[in-house]
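Working notes, beginning with the structure itself.
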Amino acid sequence: MSRTQAEIQEIEFSLRQPKEIKRKPAIKHVISLMTAGRDVSALFSPLLSCLNTKDIEIKKLIYLYLMHYAKSKPSLVEQALQFIVVDVNDQNPLVRALALRTMASIRVEKFTTFLIEPLKEGLKDKDPYVRKTAVLAVAKLFDINPELVKKHGFVDRLTKLLSDSNSMVVSNTVATLMEISNASPEPVFQVTKENEKYITSAINESTEWGQVFLLESLMEYQPPSPKEAEKIIDRVVPRLSHKNSAVVLSSVRLILKMFTFIEEKEIILQFARKMAPSLVSLMDNNPEVQYVALRNINLFVQRFPKLLIKDAKVFFCKYKDPVYIKMEKVDILVMLATNSNINELLIEFTEYAKEVDVDFVRKSVNAIGKCAIKLSKAAQACVKVLIELVKTKINYIVQEVIIVVRDIFRRYPNQYESIIGVLCENLQSLDQPEAKASMVWIIGEYSDRIDNADELLKAFLFNFHEEDPEVQLQLLTSSVKLFLSKPDEGQEILEQVLSTATNESDNPDLRDRAFMYFRLVDAGFEEANNIILGEKPLIDTISFKYDSKLLGKLLSQISTLSSVFHKLPETFISGAKVFAQEDDDNSNDEDDGGILQVQEKEKEKKIEREKKNEMETQQIGQLINFADSQPPPIVKTKSIPQQRNDSPDQEMFEMEIAQRNDEVIVDKEEIIDEERGKGMIVSAAFRRREQQIYFDLTISNRTSYPFGKLAMVFNKNLFGMKPNAQVPITGIMPGQTTECSVVCPIIQSHKLPANEATLEVQIAIKNFEVFYTQCTSPMNIFFTEDGKIEKRNFLNHWKAISDDDERIKEIQGLSETNPDILKMKLANLNIFFIAKRQEGSIDILYFSLKLVNSVIFLIELSIDQENQSCQLATRSQDTSLIPLFEEFMERFLTD
């Protein structure tokens, strides 16, 4: 007899003892084993015999046992029905409630049928605890069988309970009705003037979560008059001082909803002032609650910008605040900035800019720029602070300042040009695309006032092909501005940029705009000057403001996820019901109550740049004619070539595009079979998707007991993969199969030396015991998405690697010899096509790839289609990994 069987028999012996004092410890032991994942279904009969007792604790434990096995052992659980039916009519209300809850929780058809009558009796029970339990049981019954709830009129019975004398019953009734209504295709619950009285009366006496349900239900109420809305607000205002943040935010949400039914602005402002201290008091909570509060306060401040100005210091960042809290506080401080407190805020922002967190520093510098745009009188002080930050010579600070100054120039043209010289001193340190584009814009916009503007632009043109498209487009525009401002100095630069953009660029946007500028300038110098150097629209707002409609809808969702994400529910929840709240026209007068001007349009930075570009091009669309085979020269001495004139060393290069899929599907391999896993079967595969390595698992339970929590670790492996979390699976029932994925980042300390290179990953999986196995990691999961080398740089990289570091392998029996199809298949593996040339009947393709350890492979693939063979030449600075790559390529090309 095994140890487990002996333990079960010992427990069974104790359960059959005549005295309850001896049976109770055994029952507790059974529940502890069940909770730990052990199969104790064999003890069902002796446990059931213990149910005939007056001890409530024993009944609770046995009912818990029944609910646990209701799904996997329904036939056994049905035997307990006669005992539960007796308990439903017990004199003790606790026993009656416990029996009702158990019957509603057991999802067995026979139980559901017998639940109807006890549930009807429970809803009119004399004890409020039983009524409350019966109300919640209706919600469970609706989840099991909605038709039964409708057939037996439980919704009408619940509606009558809204007038119950016990607030606990009322709050749970409201919660159940709301759940049924949300799950039904048509609304089944509506707050009327009659039941609104009962709901508001029950708020003060309910528990904190009961209050949340009651307040949420009133969000759908439409008061018949402004006076009625004011009465509701008066009843809700005391909840603003509640210690539970959910109650506070739900109260704020309801009050803001009631504001839409009140016409007098003074009354709105009076109640709004009462909300402000409650919102500020939420900042005394833990960081998680603070974050939710700050996201909601952000919306409130947009609606009432002046109410929290005096409390601006509350939102000053503390040294111990997490960075996500600091980010939100900075946004709110910008919204609270006024001419009276700007000096104090600038001191704060300057201190924040000296922090070590780069993102927070950039946010702080950006906040100074937003204040300059928002407050014209404080712009000079903001610019001085920015110049002081530039003098720190810290790279990321300087770059963010340049981005900010670009927007300040657009808000205040011809006012702060004196700082351009300071900015130009830091050209060599720019490596961020947006900062480069901003600096190029400044040079082009003020090229008539910068003596060496042509030299500054040439510094950016040196690596034109490697620049981000945003920088390339800005260089093109600024070159045209320089030519129009200083034709003699800008002619050579413009010719170079236009020639490169039209003949050598693969970016259609850049190429088309270059042709547009070409024809515009050729059509007339004066006309081009008026369009490109003409007056531009000013930035008249800042990016954190939402428009009236969106803000109203977000305010109606305060205290929900929508107010945290600042997104409408329907954007992330399918079938979400939204109760929109729109600001009325009376809320637009900032002098009467300081309400935010909700008509102001939202203008993000990116949208502003696109609008500017559109302003420059909208008048010249009719001049573009891409059908011309040869554009006329811009100057008399030179013309822009239309065909590429590549150097002899680069004649072999002919760029082509290969389409890529998001993921290469790899079949899972069974790493633990049923016999070895003692009933647990595990299949797994490593896959690369979303620029990360995932370990996909399929786990099957062939035992007679549920699995508990699974744990997993990797041994040292070639590139140092390590799961960043435990297996996200708990409670796999017998006969069930579950799938999951675990992200596996690269941990260098977990890495094998190169001389022990192998793609096998040793794995330990712990369930009821530890199982050791291994899984093959396909080499392509270590190929990164940024492994493409520009065509012009490929030859330089190839020549920089010694011939001794080249490995050549002959591969026979290719399954595919079509170069175009091979390019597409290899692109799916992050092996990027560079160029192609042909020698007789041999197609020679060049590729590049980059491994997760930043090692670059350069590949020459010579394909002989007639013999279905190829020669694979691989060059790399690290030759230890080439054999693994060759083995991978041979399998790939011959499968």
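A few notes on this one:
- Flag if residue 811 is outside any helix (DSSP H, G or I), crowded, with 17+ Cβ neighbours inside 10 Å, in contact with an Asp or Glu (Cβ under 6 Å, 6 or more places away or on another chain) and of a type outside the set (D, E, K, R): yes
- Failed condition for residue 772, given (1) out of contact with any helix residue (DSSP H, G or I) (no Cβ under 8 Å at 6 or more places or on another chain); (2) closer than 17 Å to residue 693 by Cβ: (2)
- Across region 2-47, the qualifying residues are those that are among the basic types (Lys, Arg) and either assigned to a helix (DSSP H, G or I) or more than 22 Å from residue 74 (Cβ to Cβ) (or both), and the one among them that is farthest from the chain's Cα centre (by Cα) is 19.
- Every residue from region 394-453 that is surrounded by 15 or more Cβ atoms within 10 Å (Cβ to Cβ) and either in a loop (DSSP other than H, G, I, E, B) or in contact with a strand residue (DSSP E or B) (Cβ under 8 Å, 6 or more places away or on another chain) (or both): 394, 412, 416, 426, 430, 432, 446, 447, 450
- Hits in region 331-361 (condition: of a type in the set (A, V, I, L, M) and within 23 Å of residue 432 (Cα to Cα)): 353, 356, 358, 361
- Of the helices (runs of 4 or more DSSP H) lying entirely inside region 94-156, the ones with 1 or more residues being more than 25 Å from residue 58 (Cβ to Cβ) and among the small types (Gly, Ala, Ser) are found at 128-144.
Listed here are the residues, each with its yes/no results for (1) at pLDDT 90 or above; (2) surrounded by 19 or more Cβ atoms within 10 Å (Cβ to Cβ); (3) over 30 Å from residue 258 (Cβ atoms).
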position	(1), (2), (3)
506	no, no, yes
513	yes, yes, yes
524	no, no, yes
534	no, no, yes
546	no, yes, no
550	no, no, no
572	no, no, no
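- Pairs, first more than 15 Å from residue 535 (Cβ to Cβ) in region 403-423, second assigned to a loop (DSSP other than H, G, I, E, B) and of a type in the set (Lys, Arg), C-beta under 9 Å, six or more apart: 417/449; 420/449; 422/391
- Of the residues in region 160-169, not one is farther than 19 Å from residue 132 by Cα, in a helix (DSSP H, G or I) and among the basic types (Lys, Arg).
- Which listed residue is in the same structural domain as residue 24 (by TED's automatic domain parsing), under 30 Å from residue 191 (Cβ atoms) and not β-branched (Val, Ile, Thr), from 134, 70, 97: 97
- Those residues of region 48-68 which are assigned to a helix (DSSP H, G or I), surrounded by 15 or more Cβ atoms within 10 Å (Cβ to Cβ) and modelled with pLDDT under 85, in sequence order: 48
- Conditions (1) within 18 Å of residue 870 (Cα to Cα); (2) modelled with pLDDT under 90; (3) outside any helix (DSSP H, G or I); number of the one not met by residue 825: (3)
- The set of residues in region 170-194 being part of a loop (DSSP other than H, G, I, E, B) and either modelled with pLDDT of 90 or more or touching a Phe, Trp or Tyr at 6+ places or on another chain (Cβ under 7 Å) (or both) consists of 191 alone.
- Residue within region 719-729 that is of a type in the set (Val, Ile, Thr) and under 25 Å from residue 855 (Cβ atoms) present: no
- Residue check for residue 80: of a type in the set (Gly, Ala, Ser), assigned to a helix (DSSP H, G or I) and modelled with pLDDT of 85 or more: no
- Flag if residue 354 is in a helix (DSSP H, G or I) and either more than 24 Å from residue 471 (Cα to Cα) or of a type outside the set (A, V, I, L, M) (or both): no
- Considering 136, 98, 162, the condition of being on the phi < 0 side of the Ramachandran plot, of a type in the set (A, V, I, L, M, F, W, C) and without any contact (Cβ under 8 Å) to a residue 40 or more places away in the chain is satisfied by 162 alone.
- Of residues in region 857-875 being out of contact with any Leu (no Cβ under 7 Å at 6 or more places or on another chain) and part of a loop (DSSP other than H, G, I, E, B), the one surrounded by the fewest Cβ atoms within 10 Å (Cβ to Cβ): 866
- Of the candidates 833, 847, 794, the single residue that is among the aromatic types (Phe, Trp, Tyr), outside any loop (DSSP other than H, G, I, E, B) and more than 36 Å from the chain's Cα centre (by Cα) is 794.
- Within region 797-808, being in contact with a strand residue (DSSP E or B) (Cβ under 9 Å, 6 or more places away or on another chain) and outside any loop (DSSP other than H, G, I, E, B) holds for 797, 798, 803, 805, 806, 807, 808.
- Test result for residue 761, β-branched (Val, Ile, Thr) and not in a loop (DSSP other than H, G, I, E, B): yes
- Given (1) under 39 Å from the mean Cα position of the chain (by Cα); (2) at pLDDT below 90, index of the condition residue 197 fails: (1)
- Among residues of region 741-769 that are over 19 Å from residue 686 (Cα atoms) and in the same structural domain as residue 685 (by TED's automatic domain parsing), those with a beta-carbon under 8 Å from a residue that is of a type in the set (Ser, Thr, Tyr) and modelled with pLDDT of 85 or more at least six positions away or on a different chain give the pairs 754/880; 755/880.
The values are calculated or read from the model by the stated rules, or taken from the named source; none is laboratory data. The structure displayed is predicted, hence computed values, not measured ones. No Cβ is skipped: glycine too gets one built from the backbone with ideal geometry, and neighbour counts run over all protein chains shown.
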